Amino acid sequence: MKIAVTGKGGVGKSTLTGLLARAFADDGWGVLAIDADPDANLASAIGVPPDRARGLLPISAMSALARERTGAADTGGSHFILNPRVDDLPDRFAITHEGVKLLLMGAVEHAGAGCVCPEHALLRSLLKHILNRRRECVLLDMEAGVEHLGRGTAGDVDLLIVVVEPGARSIETARRIAHLAGQLGLTRIAHVASKVTGAADSAFIAEALGREVIGTLPFDPDIAAADRRGVSAYDLSPACRDLAASLRDAILDLRPDPTKE
Ligand SMILES: Nc1ncnc2c1ncn2[C@@H]1O[C@H](COP(=O)(O)OP(=O)(O)OP(=O)(O)O)[C@@H](O)[C@H]1O
Ligand SMILES: [Mg+2]
């Protein structure tokens with residue numbers, strides 16, 4: 001099961017990804033959580049202690065590794081391969097917390113569609129490898145949008161979860177994301193409502209989206225408090241744990257073929 005989570009900035013993508021990662025792990029799944037946001041903060045949403053999280057370096061910042069793996073180190077950067085070996089990297093650089101493997105991938109700055117540099121080649125290969133060859137439940141916490149998935153990898157994602165909050169701007173972003181995702185060949189999209197304060201918020205989202213969401217994360221002071229304390233809402237609140245379990249099950253119910261990982 002390969003799931004990418006996106007949505008407008010600040011809607012609750014990392015919160016949701018962290019909760020789901022823990023809920024899948026508690027259900028017995030192997031979980032590989034990927035922080036693909038340069039402004040990485042998935043670690044705290046999973047509950048990794050701050051001291052441990054501080055020592056983590058994103059793969060995007062490992063220039064020497066990128067140059068070595070792509071061969072750029074041998075040619076002074078004039079030539080390098082676009083499909084470097086990456087199969088050892090997830091296990092080498094991920095840390096494990098409560099059954100969740102966390103890998104910081106980051107993103108290469110200014111890496112537009114046409115960007116080709118050793119770091120970019122390494123990240124592309126790594127993402128392709130993770131989406132195609134890893135046997136865990138992969139959860140990808142992304143920046144807003146799907147552009148960075150790109151044509152080469154979007155098709156390997158089983159489900160795109162777009163997080164929306166009860167506001168017109170987040171719905172507008174969700175629409176743009178759905179449009180772009182369609183262009184990239186990513187057709188399995190589900191929405192999760194976040195920061196919902198009541199029935200009126202739910203009704204707004206359902207009407208503005210024109211479809212039902214697969215789950216709702218209510219506005220919860222415990223989630224905000226967990227963030228302030230640098231811990232996971234999953235550890236702080238039994239209600240969040242229950243919610244995470246039901247969101248996980250709603251996602252599992254969407255699988256066309258439940259025998260598939
Ligand atoms: N359901 C909720 N109830 C209360 N606060 C929430 C909820 N979901 C998220 N928050 C708070 O909103 C803020 C943003 O959440 P989060 O970091 O998960 O969003 P994000 O979409 O990953 O943001 P970014 O775009 O910066 O990566 C955090 O302070 C978080 O604690
Ligand atoms: Mg985030």
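Some points to look at:
- Subset of region 1-22 (residues that are in contact with a Leu (Cβ under 9 Å, 6 or more places away or on another chain), outside any strand (DSSP E or B) and more than 9 Å from ligand 1 (Cβ to nearest atom)): Met1, Leu19, Leu20, Ala21
- Leu180 vs. criteria within 12 Å of ligand 1 (Cβ to nearest atom), in a helix (DSSP H, G or I) and not β-branched (Val, Ile, Thr): no
- Sub-8 Å Cβ pairs linking a first residue in region 33-44 that is at negative phi and free of Cβ contacts under 8 Å to residues at least 60 places away in the same chain to a second residue that is near ligand 1 (Cβ under 10 Å from one of its atoms) and not charged (D, E, K, R), at least 6 apart or interchain, are Asn41/Ser14, ordered by first then second residue.
- All of Ala33, Ala66, Ala53 fail the test of being out of contact with any Lys or Arg (no Cβ under 9 Å at 6 or more places or on another chain), within 29 Å of Ile177 (Cβ to Cβ), within 15 Å of ligand 1 (Cβ to nearest atom) and among the hydrophobic types (A, V, I, L, M, F, W, C), apart from Ala53.
- Restricting attention to region 177-199, the residues being within 16 Å of ligand 2 (Cβ to nearest atom) and modelled with pLDDT under 95 number 1.
- Test for Arg169: is it outside any loop (DSSP other than H, G, I, E, B) and more than 15 Å from ligand 1 (Cβ to nearest atom): no
- Ala224 fulfils the conditions (1) closer than 18 Å to Leu20 by Cα; (2) in contact with a Pro (Cβ under 7 Å, 6 or more places away or on another chain) except for a single criterion, (2).
- Residues satisfying the stated conditions in region 178-214, i.e. buried (at least 16 other Cβ atoms within 10 Å of the Cβ), touching a strand residue (DSSP E or B) at 6+ places or on another chain (Cβ under 9 Å), touching a residue at least 24 places away in the same chain (Cβ under 8 Å) and under 13 Å from Ala154 (Cα atoms): Ala181, Leu186, Ile189
- Checking each residue in region 215-225 for being of a type outside the set (Phe, Trp, Tyr) and either assigned to a loop (DSSP other than H, G, I, E, B) or in contact (Cβ under 8 Å) with a residue 12 or more places away in the chain (or both) picks out Gly215, Thr216, Leu217, Pro218, Asp220, Asp222, Ile223.
- Every pair of residues 6+ apart whose Cβ atoms lie under 7 Å, when the first sits in region 229-242 and is within 16 Å of His97 (Cβ to Cβ) while the second is at pLDDT 95 or above and part of a loop (DSSP other than H, G, I, E, B): Val231/Gly47; Ser232/Gly47; Tyr234/Gly47; Asp235/Gly47
- Region 207-223 - residue that is more than 30 Å from Ser44 (Cα to Cα) and among the small types (Gly, Ala, Ser) and, of those, nearest to ligand 1 (Cβ to nearest atom): Ala208
The values are calculated or read from the model by the stated rules, or taken from the named source; none is laboratory data. Note that the coordinates shown come from a computational prediction; the quantities given were computed from them, not determined experimentally. Ideal geometry is used to build each Cβ from the backbone, glycine not excepted, and the neighbour counts take in all protein chains shown.
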